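Structure first, commentary second.
Derivation of every value follows stated rules applied to the coordinates shown; laboratory data play no part. If you're wondering where the values come from, they're calculated on a predicted model, not measured in any experiment. Virtual Cβ from ideal backbone geometry, glycine too; neighbours counted across all protein chains shown.
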Amino acid sequence: MSISTASKALNNTGRMGDETRERVKRAAAEIGFRPNALAKGLLSNRTFTIGLLTNDTYGRFTLPVMAGITEALVDHGVSVFLCTIEDDPALGKVHVDALLDKHVDGIIASGKRIDRRLPVDLSNLPVPVVYAFTEGTPESVTFCADDFQGATLAVEWLQGLGRRRIAHVTGPDSFVSVRERVRAYRDLAGDDLPVLYGMWSEAWGHQAVAQLWSMPGPRPDAIFCGNDQIARAVIDALRERGVRVPEDVSVVGFDNWEIVAAQTRPPLTTVDMNLKALGREAGLTVLALAEGRSIEPGIRTLPCELIVRQSCGGNPDR
């Protein structure tokens with residue numbers, strides 16, 4: 001058959017019988033034929049590659065985001081280059097220049113928090129840029145988790161269990177995510193108990209329980225924590241005081257960092273920010289922009305999900 005017919009069969013284009021298309025693909029597999037990606041890119045003016053920039057070198061947030069991006073793009077024949085830039089503007093520029101030299105079709109920027117930009121200027125690049133779990137430019141498309149909605153899920157769940165003295169132990173109030181979660185907590189739980197701000201650490205979880213148990217008046221019957229590390233330490237500190245979880249105090253975390261949440265004893269009920277889904281949306285969006293489709297700029301917040309484990313106990317419908 002002609003070269004053009006074989007090409008159409010391998011690229012799933014053109015009109016031909018299914019049997020013919022399958023025969024071509026089968027023959028290509030038998031001889032180990034691989035299309036020339038460089039030639040394909042020259043013809044389409046695309047390289048079918050995307051760059052992912054992040055300063056989250058630990059990977060706590062970027063790895064699930066990247067998993068979602070890869071999942072979204074693999075069926076479109078698009079590969080992802082991961083570049084970690086730490087908090088170094090010079091290193092960031094090196095990686096951006098390298099990605100542009102490779103003629104990537106677009107760049108996705110991701111980070112450690114939603115209210116800080118990466119330490120590199122991504123405006124006015126010749127390729128589309130999408131932001132996921134980091135602050136974007138005003139004219140960009142930015143994806144982030146809905147912290148207010150996620151905190152609402154947690155507090156409503158605790159209230160559904162009959163808990164009425166719900167304390168909130170969280171991270172630094174300089175984080176937008178912290179302020180959004182506190183706002184949701186206050187809307188539902190009121191002002192009877194103080195919000196305890198501290199560090200994103202297990203050490204702070206232990207200190208917070210000591211503070212709560214030294215305060216006058218009735219003690220909390222539930223504690224909503226700003227992340228899973230704090231929550232795990234809160235559970236340990238309660239156990240050290242002879243307080244049973246979940247019988248005496250219910251505990252809910254935030255992040256669904258499974259290496260922490262699933263190994264906590266008892267396993268931790270927590271809010272999942274659905275970062276993989278966030279990555280999928282970012283991947284599909286940068287692909288659409290690379291293909292020339294028009295996308296309205298702005299911030300897209302994706303809903304969180306409550307993952308119920310044993311640290312709450314009971315049935316919210318009882």
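Structure above, values below:
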{"quantity": "Inter-centroid distance (Cα atoms) of segment 269-302 relative to segment 168-229, Å", "calculated": "30"}
{"quantity": "Placed amide H near Ser79: partners under 5 Å, 5+ positions off or other chain", "calculated": "Thr49, Ile50"}
{"quantity": "Stretch gain in nm, segment Asp97-Ala28, where the contour uses 0.36 nm per residue and the Cα spacing is subtracted", "calculated": "21.2 nm"}
{"quantity": "Whole-Hz couplings from phi, Karplus 6.51/-1.76/1.60, listed for segment 123-139; x for Gly and Pro", "calculated": "7, 6, 7, x, 10, x, 10, 10, 10, 9, 6, 7, 6, x, 7, x, 8"}
{"quantity": "Long-range HN-HN contacts of Arg300 with modeled amide H, under 5 Å", "calculated": "Thr142, Phe143, Cys144"}
{"quantity": "Selected from Lys276, Lys102, Lys25 as most flexible by GNM, with the chain as the system and alpha-carbon contacts under 10 Å", "calculated": "Lys25"}
{"quantity": "Gained length - Asp248 relative to His76, 0.36 nm times residue gap less alpha-carbon distance", "calculated": "56.8 nm"}
{"quantity": "Rounded to the nearest 20 debye, dipole of segment 237-318 from Cβ charges on Lys, Arg, Asp, Glu", "calculated": "180"}
{"quantity": "20 Å cut-off, amide nitrogen to a point 7 angstrom out along Ala210 Cα→Cβ, residues in segment 231-250", "calculated": "231-244"}
{"quantity": "For the chain, calculated [θ]222 nm from helices alone, where every DSSP H run of n ≥ 4 adds -39500 (n - 2.57)", "calculated": "-12500 deg cm²/dmol"}
{"quantity": "Pairs of Lys in the chain closer than 24 Å at Cα, counting only those 8 or more apart or on different chains", "calculated": "7"}
{"quantity": "Rg in Å to one decimal, and Dmax rounded to a whole Å, for segment 234-313 via C-alpha atoms", "calculated": "18.6, 61"}
{"quantity": "Label-point separation in nm, Arg265 to Leu188, each point 7 Å along Cα→Cβ", "calculated": "3.0"}
{"quantity": "Packing-based order for 122-133, 179-190, using average beta carbon neighbours within 10 Å, highest first", "calculated": "122-133, 179-190"}
